[in-house]
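Remarks on the structure that follows.
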Amino acid sequence: MEIADYLPVLIQVLLAAALAGAILMASHVFGQRARGNYIKDKAYECGLPMEGNPHPRFGVKFYVVAMLFILFDIEAVFLIPWALIYREFIASHIPILWPVMFFIGILVLGLAYEMKKKGLEWER
């Protein structure tokens, strides 16, 4: 392999670094730390000054349910590639069904535990 084969990867890395730098610079210039920013200091949407606390506090239960949602959502990310390449594994005589069933079993046990501990009930 030659260096020229890696040129597209190098270009992509440089573009990603430039975009990240531009986003950080824009955040620093226009962000909350910028003082005297007319757009930032303006009243939000309706033209009236804001009343009350701009960042209401959420209960811990909200975050627990959100983390459980993310956990079981990531589980789907692991199952989709398995479903797409299942036939290739069977054709190659690679046993893949039992490891995936073990993975799903662990997730079902985790879900049963959460239901037993009433971790998915919103009001408690």
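Phi-derived couplings, Karplus 6.51 cos²θ - 1.76 cosθ + 1.60 at θ = phi - 60°, listed residue by residue for the range 69-86: 4, 5, 4, 6, 6, 5, 4, 5, 5, 6, 7, 5, x, 4, 5, 6, 10, 4 Hz, with x used for Gly and Pro. Remark: the range 106-114, residue by residue, has Karplus-estimated 3J(HN,Hα) of 4, 5, 5, 4, x, 5, 4, 4, 5 Hz, where x stands for each Gly or Pro and the curve is 6.51 cos²θ - 1.76 cosθ + 1.60 at θ = phi - 60°.
We did not get these values from a lab; they are worked out from the coordinates using the rules stated. Just so it is clear, the model here is predicted, and its values are computed rather than measured.
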